[in-house]
1. Obtain the nm distance between the two label points defined at Ile110 and Lys35 by a simple spin-label model: each point lies 7 Å from its Cα along the Cα-to-C-beta direction.
2. In the neighborhood of Tyr21, defined by Cβ-to-Cβ distances under 9 Å, what is the net charge if each Lys or Arg adds +1 and each Asp or Glu adds -1?
3. Please give the residues of the stretch 11-40, grouped as numeric ranges, whose backbone N is less than 18 Å from a label point set 7 Å along the Cα-to-Cβ vector of Asp79.
4. Using a 10 Å cut-off around each Cβ, can you sort Val5, Val70, Val34 from fewest to most neighbouring Cβ atoms?
5. Could you please rank Ile64, Ile23, placing first whichever residue has the fewest other Cβ atoms within 10 Å of its Cβ?
6. Ranked highest first by average number of other Cβ atoms within 10 Å, how do 45-54, 8-17 line up?
7. Is there a pair in Lys50/Lys101; Lys25/Lys57; Lys25/Lys50; Lys10/Lys73; Lys40/Lys101 whose C-alpha atoms are over 22 Å apart, and which pairs would that be?
Amino acid sequence: MLCIVVGCSKRSGRDKDVSFYRIPKVVTNRGHGVKKLSQKRRQGFLSAIKRANLTQKILSNDRICSKHFVSGKPASLLDETNPDWLPSLNLGHSREVCEDKARAAEERRIRAKSRESLKDNRPILLSEATGSGSCNSNEGNGEFQVTQSTCQTDLTS
């Protein structure tokens, strides 16, 4: 069995020091208060895992490993103040990773726009590729610097 967290490579057969736990289900037979609490916890687990392709089949079969909890196992449903009530460690995502991915996607978009203009054999404004700003070209060395003034670079030279 493989851990459900993106980027976690823990496996039940290979990693003997790791335990695996189910994603909590909504408890419906212990009263309205417990049902609301279990819904909140399940939603918290899903938010912490942050996977786009979670289906009911995946959620019922896959497990989360002990490496994502402070004490190594999830807390009881009624112990809401315990740090292990939700997984909080090594969740495979961080704000820096998201920003890096967004920056890389924007750079790919700019390069694609640049290649497209080369195919059309026409120069492209940096502001056209990035949506803002422009450039000052340093003659001969192919470098440019982003400034607030508008200019056009010759990408064919």
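Here, each number is a calculation from the coordinates, and none is a lab measurement. If you're wondering where the values come from, they're calculated on a predicted model, not measured in any experiment. Reconstructed Cβ throughout: ideal geometry from the backbone, glycine too, with neighbour counts over all protein chains shown.
1. Distance between label points: 5.4 nm.
2. Working: positive: Arg22, Arg63, Lys73; negative: none.
Overall, the nearby charge balance is +3.
3. Counting only backbone N, you get 19-25, 37-38.
4. Lowest to highest Cβ neighbour count: Val70, Val34, Val5.
5. Ascending number of Cβ neighbours within 10 Å: Ile23, Ile64.
6. In descending order of packing, they fall as 45-54, 8-17.
7. Lys40/Lys101
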